[in-house]
Amino acid sequence: MSDEMARGNKSTLVITPMSSKLLLEPGEEYHGKIVIANPLDAEGALSYKVSVGPYNVVGTDYVADLTTRTERSQIVDWITIDEPLGILAPNTSKEIYYTIKVPENVAGGGQYAVITVGTDERDSSNMGGLNIKNIYEMASVVYARVNGEIRRGGEIIVNEIPGFVTTLPIQVSTKLRNDGNVHESAEIKVVVKNFLNGAQLYPEEGYDSTIEEVMMPETERLITRDITSVSPVGLYEVTQSVSYLGQMSYNTRLVVSCPVWFMTMIVVTLGIIIYGVGLMIKKHKKKKIII
């Protein structure tokens, strides 16, 4: 959806949950649901259409691919939507039910799909017609594990914190690999403290900065986090801990944050001081010679 389209309509779509993790058995049937909502500030009814597509990721930055069919997206053919079309009035929500019929002879491992909800805003000035200029689309990812021959494995490849930055944010990163045939979860926590007095700067006291990231089968992923809630000039103790597949990785490092303008100011100031001291020494020597 373009920025222009977004500005042209205050209505938007809310979908929950944004993802589901399911455990499926070959030959069995599973029933689930998503909830879509036309929020309180909506100005018109929404005509929606629910569909199912494959979910894949590309590259270590995990760009979503919602078109390519693979052996890991066979689940698309197993899902049926009970009510794929409808109208959602303002300030209302609706439960959308779906059924997954798992084939009996399916191989064990991960299966992945997206349940996509596309909407058009209803134009009340045109006899209930659709205003095709305002189109919204949201998706709920289905992470399914089919019981059977399950293979698990992987490792933490990188846990990295920079030692020196000239501009915010302070970007920390971790790289993980999943060698298995099912998705896995990684927990990553970052804490930033003032190196001089030990005060915690990120996250705020009382909050937990741990995030959970999904690792797709047979992939590598680079996960970065930007820390912006610190001063651009300072000394910081940054700690990143990673928990993945029973492995733990801790990294603590002193990070110097010093913008180029600040370094330039320091160099110029030192130059002026050194120049001034040099002049004073020369004057002192001249005085001795005169005496």
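Each reported figure results from applying straightforward, stated rules to the coordinates on display, with no laboratory input. These numbers come from a predicted model, not from an experiment. Backbone-built Cβ (ideal geometry, glycine too); neighbour counts: all protein chains shown.
Report the full-extension gain for the segment Lys282 to Asn251: residue separation times 0.36 nm, less the Cα-Cα distance, to one decimal in nm.
6.1 nm
Starting from the amide H of Gly86, placed 1.01 Å from N in the peptide plane, find each other amide H under 5 Å away whose residue is 5 or more places distant or on another chain.
Tyr48
For segment 19-60, which GluC sites (Glu not before Pro) pass both filters: DSSP loop (anything but H, G, I, E, B) and at most 16 other C-beta atoms within 10 Å?
Glu28, Glu43
Let's test the formula: R0 of 25 Å, r as the Cβ-Cβ distance of Asp61 and Ile211. What FRET efficiency results, to the nearest 0.05? Write down the numbers at each step before the final one.
On the way: r = 16 Å, r/R0 = 0.64.
Taking R0 as 25 Å, the efficiency between Asp61 and Ile211 is 0.95.
Mind giving me the FRET efficiency for Ala89 and Lys33? R0 is 25 Å, r the Cβ-Cβ distance, nearest 0.05 is fine.
The calculated FRET efficiency here is 0.85.
Let me check I've understood the local charge: for Val50, count other residues with C-beta under 12 angstrom from its C-beta, Lys and Arg +1, Asp and Glu -1. What total comes out?
Summing Lys and Arg as +1 and Asp and Glu as -1 gives -1.
Could you please rank Tyr112, Tyr207, Tyr30, placing first whichever residue has the fewest other Cβ atoms within 10 Å of its Cβ?
Tyr207, Tyr30, Tyr112
Local charge sum around Thr219 (other residues, Cβ-Cβ under 15 Å, Lys/Arg +1, Asp/Glu -1)?
Its environment carries a net charge of -3.
What ³J(HN,Hα) values, in whole Hz, does the Karplus curve 6.51 cos²θ - 1.76 cosθ + 1.60 give for segment 91-108 when θ = phi - 60°, with x put for Gly and Pro?
So the J values, rounded to whole Hz, are 6, 10, 9, 8, 8, 10, 9, 9, 10, 10, 9, 8, x, 6, 9, 6, 6, x.
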